[in-house]
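For reference, the structure discussed in these notes is given below.
What follows draws every value from the coordinates through simple rules; no lab data is involved. Predicted model only: the values in this text are computed from it and were never measured. Cβ sites come from the backbone with ideal geometry, for glycine too, and all protein chains shown count toward neighbours.
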Amino acid sequence: MPFVPALAMAFDRQATKKGKPIYQDLKEKLRASAIVHADETYWRENGVNHYVWYGGNNDLAFFHIDLHRSSKVAISIFGDSFDGVLNTDGYAAYNAANPRGRQSCLAHLIRKAEGIKQEIL
């Protein structure tokens, strides 16, 4: 299949535009989930620092790239009254989603327990 580099120039923008209904559907399904695991991490795009946010469970994965790591982004993803259990690392921005239930991620609980163990010994 022949490939012309000029065709690829705006591919990401076209894919973003055409994928918007799927993106919105995934966000709605995420918000309706009984349990969601969430996290955010650094993401560099075109030399600019961003954050990639994740929300998901065994049935779906939702990713959102944003310039910010604030509660406004958490609300834009999970809403301001999340009716499920939100499993996070304890980052305060997730509090703005006002989840019905909270769960701390196991890796952070283990690290915290190891820290307490070191203080006791």
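Remarks
- Using the Cβ-Cβ distance between Asn46 and Lys17 with R0 set to 22 Å, the FRET efficiency from 1/(1 + (r/R0)^6) comes to roughly 0.75.
- R0 of 41 Å, Cβ-Cβ distance Ala34-Ala8: FRET efficiency to nearest 0.05: 0.50
- Taking the charge dipole of the stretch 5-120 about its Cα centre, with +1 at Lys and Arg Cβ atoms and -1 at Asp and Glu Cβ atoms, the residue from His64, Tyr23, Ala93 reaching farthest to the positive side is Tyr23.
- Whichever aspartates and glutamates have a C-alpha closer than 12 Å to that of Lys17, once near sequence neighbours (fewer than 8 apart) are set aside: none
- Anchor Lys72: aspartates and glutamates whose Cα lies under 12 Å away (excluding residues fewer than 8 positions away in-chain): Asp80
- Two-decimal log10 I(q)/I(0) for the chain, as the Debye equation yields it once each C-alpha is a single scatterer, q = 0.10, 0.17 Å⁻¹: -0.41, -0.92
- Taken about its Cα centre, the stretch 55-121 carries a charge dipole of about 160 debye when Lys and Arg each add +1 at the Cβ and Asp and Glu each add -1 at the Cβ.
- Each Lys and Arg contributes +1 and each Asp and Glu -1, all at the Cβ; summed about the Cα centre of the chain, the dipole is approximately 180 debye.
- Each peptide in 12-25, 89-102, 47-60, 70-83 was scored by the mean count of other Cβ atoms within 10 Å over its residues; highest first, the order is 70-83, 89-102, 47-60, 12-25.
- Ellipticity at 222 nm from helices only: DSSP H runs of n ≥ 4 in the chain, each -39500 (n - 2.57), divided by the residue count, give -12500 deg cm²/dmol.
- A straight Cα-to-Cα reach below 18 Å connects Lys18 with the lysines Lys27, residues fewer than 8 places away in its own chain not being considered.
- Label-to-label distance for His68 and Val85 is 3.1 nm, based on points extended 7 Å past Cα in the beta-carbon direction.
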